[in-house]
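Just below is one structure, and these are the notes that go with it.
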Amino acid sequence: MMKTNSILRYILIVLCFLVTDKVLSQEMVSLPMGGCGRLLDTNTSAQYANAITFFPPCLKVGAVAANASNMTDIDVNSYASLKPGIGAGVCPIYISVGTTGTDFPANKPVYIDFSSEGFNFNASFNDASFRFFNNGQEVYSTPVGGHFFFDFGDNQSRKIIKVMPTVAWDEIRLSYSDFGIGFTFNEMKVYNILSEYYIDPMTYLSQPSDRTVPVGGSATMTAVISNTDIDETPANVTYQWQILNGSVWTDLANGSNYSNVTTSTLSISNIPAGFNNNQYRVVAKSSFYTCSFQANSNVGRLFVNAVNNPGTIGTDQTVCLDINADPAAFTVTAAAQVTGNAEYQWQSSADNVTFTNIPNATSATYDAPVITQTTYYRRGVRSNLNGNSTAYQYSNVVKVTLKKSCLIKCIISNRMIYTKLNSN
């Protein structure tokens, strides 16, 4: 009996332990798998496991909960360990840390640097979860992974798990419990718990889009990095707009055509025709601790809608009212040059001052009908590009002169000629 009591006393000393200590907090660290983070601000850590116990409702051997404080220490490769062990019954174990000061707010992500390796053979219900507490009461949980009946492994390489509790909390636990018979030769490791985590690539909330403007007009292009309170992008984002010159992206500088080149919105003004088909992008950069991040936006193309040259039409004509007052069709001596689709409108004038549109005269050439007076003609052309139309620009003016009489009239007179004879 004495020997049995000694064994039980030894088991109680070895099996159950609870550790509480001060933990370094709010340190910024670089993680070996990439990215930088800020350690969760904590002041306590705790761990609980039954290494060997034969007391219902848990019969378990080999359970380990160790080094809970490593979850928020500055050594990014040290870790807290949770080993479920072998056993049967209801056997909960956990490792945890508690926050410092005020509660961690609701709907803000916490990042857990986690891995799992080993071998499971379970004829049981078992669960590994991250559980969140407030004043000792569980308020939120999310599973790491669940098992049912025969599970032949649960290996997870080291990775960042993002959890966003919907309630405020002051303690986080990695806990494990099972009900049934479990043979779990694996180890769950928590390397770091982070209140902030930043990693490439940064993501864009909005991207530049193509713009079509008339020559001389203005346009803006916008690209914004997503850096709200619940994402993984530092707040200190800088922007630099660039233009593609041949195959090389070149930084833009503020000047007569560009402004706000180092903001999320580029402004382009007094746009010349030569800017047609320019390509723009923005380079966003940020940094946190020893990490630097960069993200290039999509490309936005600028289309400048312009009439570069309205072209020219054929030369002056003269027609005769008494012969044929129908002008010859007007020819194109130089084609119009536009950046979009050319649209035409012919006009006529009686005084070469006031011109009016000719109905249905919308082709590149025009065959005027019979005229009744001297008339002036010109052709307007505009460019239509991506639904945007310019104002009309006009060709040279052609004058068609009308003469009322062009026939040569000849009058032939018959005269009688006589001679008076002299009588000598």
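The values are calculated or read from the model by the stated rules, or taken from the named source; none is laboratory data. Quantities reported herein were computed from a predicted structural model and do not represent experimental measurements. The protein model used for the area step is the full one, side chains on, heavy atoms only, and it has no ligands, DNA or RNA in it. Shrake-Rupley method; radii C 1.70, N 1.55, O 1.52, S 1.80 Å.
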Roughly how much of Ile160 is accessible, in Å² to the nearest 10, using a 1.4 Å probe? 50
Any idea of Val76's accessible area? Nearest 10 Å², probe 1.4 Å. 20
I'd like the distance between the alpha-carbon centres of region 298-319 and region 199-222, rounded to an integer number of Å. 28
Using only protein heavy atoms and a 1.4 Å probe, report how much of Lys399 is accessible, in Å² to the nearest 10. 70
